1. Go over the candidates ALA189, ALA184 one by one and state the one that is assigned to a loop (DSSP other than H, G, I, E, B) and in contact with a strand residue (DSSP E or B) (Cβ under 9 Å, 6 or more places away or on another chain).
2. Residue under question is LEU160, and the condition is that it be in a helix (DSSP H, G or I), more than 15 Å from the ligand (Cβ to nearest atom) and modelled with pLDDT of 95 or more; does it hold?
3. Within region 197-261, considering only helices (runs of 4 or more DSSP H) that don't extend past its boundaries, which have at least 1 residues that are in contact with a helix residue (DSSP H, G or I) (Cβ under 9 Å, 6 or more places away or on another chain) and within 16 Å of the ligand (Cβ to nearest atom)?
4. Please go through region 34-46 and give me each residue that is buried (at least 18 other Cβ atoms within 10 Å of the Cβ) and farther than 11 Å from ILE67 by Cβ, ordered by number.
5. Give just the number: which of (1) surrounded by fewer than 19 Cβ atoms within 10 Å (Cβ to Cβ); (2) hydroxyl-bearing (Ser, Thr, Tyr); (3) touching a residue at least 40 places away in the same chain (Cβ under 8 Å) does SER258 not satisfy?
6. Quick one: would you say ALA194 is away from the ligand (no atom under 12 Å from the Cβ), within 22 Å of LYS15 (Cα to Cα), part of a helix (DSSP H, G or I) and not β-branched (Val, Ile, Thr)?
7. Before we move on, is GLU146 out of contact with any Phe, Trp or Tyr (no Cβ under 6 Å at 6 or more places or on another chain), assigned to a helix (DSSP H, G or I) and either away from the ligand (no atom under 16 Å from the Cβ) or modelled with pLDDT of 95 or more (or both)?
Amino acid sequence: MTATARTPIVAGNWKMNLDHAAGVALAAAVAGRRSEAAGVDLVLCPPAVYIVPVAGAVAEAGGDVAIGGQNASDKEKGAFTGEVAPPMLLDVGCRYVILGHSERRTLFGETDASVNAKAKAALAAGLLPIVCVGETLEEREAGRTEAVVTEQVNGSLAGLDAAALEKTVVAYEPVWAIGTGKVATPEQAQEVHALIRGLLAGLASAETAAKVRIQYGGSVKPDNAAQLAACPDIDGALVGGASLKADDFLAIAKAFASGTA
Ligand code: PGA
C-alpha cells in the first residue's frame, strides 16, 4: 500500500500560546478556508481551556476541522487535581489527543509506560491518540536514533491490538528539530518513518502498519512541507510554531494535499 491510500493528517499544536480571542480568530480563519486543503484531515489542538470556544468557532465557520487535546490523564475521572480525563475531551468536542509530546516527556516526566496507559485510556474513551516519539540530538549523534525510536514505539504502543493501532496516529518528532528551525532532511525523516512502519508491522501486521498514519513534526514550515510530503511514509505533519498563523498552517496542509495527489 502506498501513501496515497492514507488520508494525510496535519495537526496544529498550539502549545501554551494565544488567548481566547486570538484562538477563536485563528480557528475561524482555518475552518473558513478549509477547502484550500481538501483531502487532508485537519486538527487544531488548542490549550484545554480554549477547546470549547475553538470548537464553537469551527462549527460556526462550517469547517470540517477536528479538535484535539494536547494531553490527557490515563484516568477516567476522580481525585486528580489539575488533570483532564479523556471522556471530558470527547465530551467537549475533541476527536484527537496528542500524547507523549517531547515537552511532556522531558519537562513533565512522562515515560513510555505512562504514554502507553494514556493511549489505552484515550482509545477506551473513543479518542484517537497522536502518539509522539523522537530522539534527542545527543542520541542521534551517538547513533542511537533507531534504538531510541524502537523503544519508544514498542513501549508507548504496547498491548494495542490491530484495531487500536489503526485508530492511532504516530508523530515522529526529532527533539532537536522542535522549535529550533532545524528540520530533519526528507531522507532522515523518511528513514525513521519507514522504521516506525516496520515496528508497527511487528506489533500487528504489515496490513495494519500500512493503514497507520505517521506524521513528521519539528520545524515544519510552508517552505519545507512539500519535500516532506513527497516522502512515501510521511502522512502528514504535527506543526507547532507555524500552526499559529492560518496562512502558514493552511499552506503546509496544502502541501500534503498535493503531495498525495
Ligand atoms: P515546531 O513544533 O513546529 O514549532 O517545531 C512541533 C511540535 O512540537 O509539535
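1. Working: ALA189 fails: assigned to a loop (DSSP other than H, G, I, E, B).
The unique qualifying residue is ALA184.
2. Numbers: in a helix (DSSP H, G or I): no; more than 15 Å from the ligand (Cβ to nearest atom): yes; modelled with pLDDT of 95 or more: yes.
For LEU160, the condition - in a helix (DSSP H, G or I), more than 15 Å from the ligand (Cβ to nearest atom) and modelled with pLDDT of 95 or more - is not met.
3. Working: elements: 206-209, 222-229, 246-259.
Correct list: 222-229, 246-259.
4. Within region 34-46, the subset buried (at least 18 other Cβ atoms within 10 Å of the Cβ) is 34, 37, 40-46.
Result: ARG34, ALA37, VAL40, ASP41.
5. Of (1) surrounded by fewer than 19 Cβ atoms within 10 Å (Cβ to Cβ); (2) hydroxyl-bearing (Ser, Thr, Tyr); (3) touching a residue at least 40 places away in the same chain (Cβ under 8 Å), only one is false for SER258: (3).
6. Details: away from the ligand (no atom under 12 Å from the Cβ): yes; within 22 Å of LYS15 (Cα to Cα): no; part of a helix (DSSP H, G or I): yes; not β-branched (Val, Ile, Thr): yes.
It is false that ALA194 is away from the ligand (no atom under 12 Å from the Cβ), within 22 Å of LYS15 (Cα to Cα), part of a helix (DSSP H, G or I) and not β-branched (Val, Ile, Thr).
7. Numbers: out of contact with any Phe, Trp or Tyr (no Cβ under 6 Å at 6 or more places or on another chain): yes; assigned to a helix (DSSP H, G or I): yes; either away from the ligand (no atom under 16 Å from the Cβ) or modelled with pLDDT of 95 or more (or both): yes.
Spelling it out, GLU146 is indeed out of contact with any Phe, Trp or Tyr (no Cβ under 6 Å at 6 or more places or on another chain), assigned to a helix (DSSP H, G or I) and either away from the ligand (no atom under 16 Å from the Cβ) or modelled with pLDDT of 95 or more (or both).
Per-residue answers, yes or no, for (1) crowded, with 20+ Cβ neighbours inside 10 Å; (2) not charged (D, E, K, R):
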| site | (1), (2) |
| --- | --- |
| CYS132 | yes, yes |
| GLY143 | no, yes |
| LYS167 | no, no |
| VAL175 | yes, yes |
| GLY179 | no, yes |
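The values are calculated or read from the model by the stated rules, or taken from the named source; none is laboratory data. Everything numeric in this text was worked out from a predicted model, so none of it was measured. Quick reminder, even Gly has a Cβ in these numbers, built from the backbone with ideal geometry, and neighbours come from all protein chains shown.
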